Amino acid sequence: MRDDTPDETRRVRLSRTFDEDAELYDRARPGYPPELFDDLAPMAGIGPGCRVLEMGAGTGKATLPLAERGCRVTAVELGADMAAVARRNLAGFGAVEVVTADFETWPLPEEPFDAVVAATAFHWIDPVVRMVKSADALRPGGALAVIGTQHVAGGSEEFFVEVQDCYERFDPATVPGTRLPAAADIDTSDHADEVARSGRFGPVTVRRYEWDLAYTTAGYLDVLRTYSGHRALPPQAREGLLGCIAALIDRRYDGRITKRYLTELRVSRTLPAPG
């Protein structure tokens, strides 16, 4: 696997790749564990009638579970095609509004929100803006809920060792010998540090969810085609990489592999105003 977390110099360019094939993204990308949303209710005070602002809503992978729990959601999505798919997916929920805009410059409404939610999107928002604007959007005691997903060791472990040969062959950015980390070794303290530096939120509460998802060869290639780093490869290198991966799955794993994900829910609440 390659690392698809952007550094600042690539953030803006890579963040726009998802809109290139919104239908593929909607079809191939997994959602989130249902228990995460069960935990989100008590941790962030989310329930029927609450006002939620979602940043980087994509095609509505997290918006739909929020809407099903009775939330009134304003979902802000930069990509016009992604937003269009989200509106289709959420057409049955009158309390959901999908706004096509970038979160950084979108004007906040006067009425504050009970929660701000970012599902696999927070790292795409300008770090100069994301904490301050989230705090400004919230009522006193409102919650910022950041959901992140990591690729971790597990599932078809031997496959994820062997597939590194494909990445080293076709992607020059791949560090030789790269291996997926164990879930226990994932350190996401950088988010807690960012929250603390902002001075606007209290401590971060974290819940972790490890889960496995089985893929056919075609299904796994589809999900890889949605990753920004893979999409950014030159076409010849990208197709060579995907062909190499497909041949490995078909030849050694009978056309099916299992991938392990680690999803984290990180919730912090706004601090009282000074004085």
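The values are calculated or read from the model by the stated rules, or taken from the named source; none is laboratory data. Since the model is a prediction, treat every value here as computed from it, not as a measurement. Because the Cβ atoms are built from the backbone with ideal geometry, glycine has one as well, and the counts that use them run over all protein chains shown.
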Task: Index of the failed condition, Arg51 passing every other in (1) on the phi > 0 side of the Ramachandran plot; (2) touching a Lys or Arg at 6+ places or on another chain (Cβ under 7 Å) - done: (1)
- [ ] Report, ordered by the first and then the second residue, all pairs with beta carbons closer than 6 Å, sequence separation of six or more or different chains, a first member in segment 24-39 that is buried (at least 19 other Cβ atoms within 10 Å of the Cβ), and a second member that is of a type in the set (Phe, Trp, Tyr) and in a helix (DSSP H, G or I).
- [x] Tyr25/Phe18
- [ ] Could you pull out every one of the helices (runs of 4 or more DSSP H) wholly within segment 145-243 that has 2 or more residues that are within 22 Å of the chain's Cα centre (by Cα) and touching a residue at least 40 places away in the same chain (Cβ under 8 Å)?
- [x] 189-198, 217-225, 228-231
Open item on the list: Quick check on this structure: which one of Val98, Val76, Val128 is surrounded by fewer than 19 Cβ atoms within 10 Å (Cβ to Cβ) and over 19 Å from Leu36 (Cβ atoms)?
Closed with: Val128
Task: Filter result (out of contact with any Leu (no Cβ under 8 Å at 6 or more places or on another chain), closer than 23 Å to Arg260 by Cβ, surrounded by 16 or more Cβ atoms within 10 Å (Cβ to Cβ) and aliphatic (A, V, I, L, M)) within segment 182-238 - done: Val223
- [ ] Return the total of residues in segment 250-275 being closer than 20 Å to Pro30 by Cα and either under 17 Å from the mean Cα position of the chain (by Cα) or not polar (S, T, N, Q) (or both).
- [x] 11
Open item on the list: Checking Ala22 against (1) over 18 Å from Arg139 (Cβ atoms); (2) modelled with pLDDT of 95 or more; (3) of a type outside the set (S, T, N, Q): exactly one of these is not met. Which one?
Closed with: (2)
Task: Tally of residues being assigned to a helix (DSSP H, G or I) and of a type in the set (D, E, K, R) across segment 46-89 - done: 4
Open item on the list: Being crowded, with 19+ Cβ neighbours inside 10 Å, within 20 Å of the chain's Cα centre (by Cα) and among the polar types (S, T, N, Q): is that true of Ser134 here?
Closed with: yes
- [ ] Residues being over 25 Å from Gly47 (Cα atoms), within 18 Å of the chain's Cα centre (by Cα) and not acidic (Asp, Glu): count how many of those fall in segment 102-128.
- [x] 4
TODO: Would you mind stating whether Tyr253 is at pLDDT 95 or above, of a type in the set (Phe, Trp, Tyr) and surrounded by 15 or more Cβ atoms within 10 Å (Cβ to Cβ)?
DONE: yes
